[in-house]
Amino acid sequence: MPATLTGCAVAVLQTADGRAKTALSRAAAQAFRDAQAAGRPMPMGDTAPPPRPARPTRPELLSPRDVPRRRPGTPNGRIALLHAIAHIELNAVDLHWDIIARFAATPMPPGFAADWVKAADEESKHFNLMCDCLEAMGSHYGALPAHAGMWRAAEDTAGDLMGRLAVVPMVLEARGLDVTPGMIEVFRKADDGRAVAALEVIYTEEVAHVAYGSKWFHFLCGRHDLDPKDVFHDLVQRYFHGPLKPPFNDEKRAEAGLPPDFYWPLAIAD
Ligand SMILES: [Fe+2]
Ligand SMILES: [Fe+2]
């Protein structure tokens, strides 16, 4: 295990295989917590992250419009849905380690890194849960094509920490809060208790990831004496391509520190 937190982050980012990446991610999070508990916090270091993370040769990555759509009423449709979520979770592992390494030179309180280590650890668990569900259905991560371009938000905001927080946790992960209850319903109707339980873990833990985003976004607004709502609108318009899509999960978004006047002005009617 690398001795610094940025070293750990880069080691995860450079691991291609999904199960290997998440195993390393979870071990790094454990090492970080152990060092903290022993009173010798892991130093940040200054290992630079790669422009994009290593990924396995499978799944094949396609433009979103070329990824075949399948109806969730069929077993193959549910496999496709779980596969798409697994792909999002693997990307999230990399996003959380990337924010730690990419912005290591920006002075932040120690809780900033600790929050993203915890989030990365949870995303790793989420990926493994989705893989377990796929394998229980006779499939696996890599069996279907997946969306290319998931790293776009990271690239667009590689030089802008507030932009990264606005777009990744406060737009993309908040979207997860909107759509997960419907997915849980799909698997409940299909009597797939394993997938329901896994998605409920994801749903519960994702609220905190959005909340970390909102917390540190507001912190930086305070540091720079900026109005959070106005800056959020500016940054999302600059870095996020397209309007936000209702319906929104107003209650869970509020729980995560995202008030309606942040996202409604950026929405179009469905
Ligand atoms: Fe997740
Ligand atoms: Fe997340």
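The values are calculated or read from the model by the stated rules, or taken from the named source; none is laboratory data. Model, not experiment: these values are computed from the prediction. Please note: Cβ atoms are built from the backbone with ideal geometry, for glycine as well, and neighbour counts cover all protein chains shown.
Quick look at the numbers
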{"quantity": "Helices (runs of 4 or more DSSP H) lying entirely in the range 225-270 (those with 3 or more residues that are at negative phi, in contact (Cβ under 8 Å) with a residue 40 or more places away in the chain and surrounded by 11 or more Cβ atoms within 10 Å (Cβ to Cβ))", "calculated": "228-239, 250-255"}
{"quantity": "Residues located in the range 197-206, provided they are among the aliphatic types (A, V, I, L, M) and away from ligand 1 (no atom under 11 Å from the Cβ)", "calculated": "ALA197"}
{"quantity": "Filtered residue count, the range 147-181, keeping only those that are among the hydroxyl-bearing types (Ser, Thr, Tyr) and either without any contact (Cβ under 8 Å) to a residue 24 or more places away in the chain or within 16 Å of ligand 1 (Cβ to nearest atom) (or both)", "calculated": "1"}
{"quantity": "The range 63-93, residues that are of a type outside the set (A, V, I, L, M, F, W, C) and touching a Lys or Arg at 6+ places or on another chain (Cβ under 8 Å)", "calculated": "PRO72, ASN76, GLY77"}
{"quantity": "Search result, residues across the range 91-120 that are within 17 Å of VAL168 (Cβ to Cβ) and not hydrophobic (A, V, I, L, M, F, W, C)", "calculated": "ASN91, ASP94, HIS96, ASP98, ARG102, THR106, ASP115, LYS118"}
{"quantity": "Total residues in the range 40-73, condition modelled with pLDDT under 95 and under 20 Å from GLY159 (Cβ atoms)", "calculated": "0"}
{"quantity": "Residue in the range 129-153 that is surrounded by the fewest Cβ atoms within 10 Å (Cβ to Cβ), counting only those that are in a helix (DSSP H, G or I) and in contact with a Leu (Cβ under 6 Å, 6 or more places away or on another chain)", "calculated": "LEU134"}
{"quantity": "Any hit, the range 74-97, residues being assigned to a loop (DSSP other than H, G, I, E, B) and either over 21 Å from TYR212 (Cα atoms) or not assigned by TED's automatic domain parsing to the domain that holds LEU161 (or both)", "calculated": "yes"}
{"quantity": "The range 185-224: number of residues that are more than 16 Å from ligand 2 (Cβ to nearest atom) and either outside the structural domain of TRP264 (by TED's automatic domain parsing) or at negative phi (or both)", "calculated": "19"}
{"quantity": "Matching option when the condition is part of a helix (DSSP H, G or I), away from ligand 2 (no atom under 14 Å from the Cβ), within 20 Å of the chain's Cα centre (by Cα) and buried (at least 18 other Cβ atoms within 10 Å of the Cβ), among MET170, MET162", "calculated": "MET162"}
{"quantity": "Looking only at the range 182-218, and only at residues there that are charged (D, E, K, R), in a helix (DSSP H, G or I) and touching a residue at least 24 places away in the same chain (Cβ under 8 Å), the one that is surrounded by the most Cβ atoms within 10 Å (Cβ to Cβ)", "calculated": "GLU206"}
{"quantity": "Restricting the range 113-128 to residues that are crowded, with 20+ Cβ neighbours inside 10 Å and closer than 19 Å to PRO41 by Cα, the residue that is nearest to ligand 1 (Cβ to nearest atom)", "calculated": "ALA119"}
{"quantity": "VAL167 in contact with a Ser or Thr (Cβ under 8 Å, 6 or more places away or on another chain) and at pLDDT 95 or above", "calculated": "yes"}
{"quantity": "Members of the range 128-146 found to be touching a residue at least 60 places away in the same chain (Cβ under 8 Å) and at positive phi, listed by number", "calculated": "GLY142"}
{"quantity": "Number of positions in the range 38-88 that are β-branched (Val, Ile, Thr) and under 29 Å from VAL10 (Cβ atoms)", "calculated": "4"}
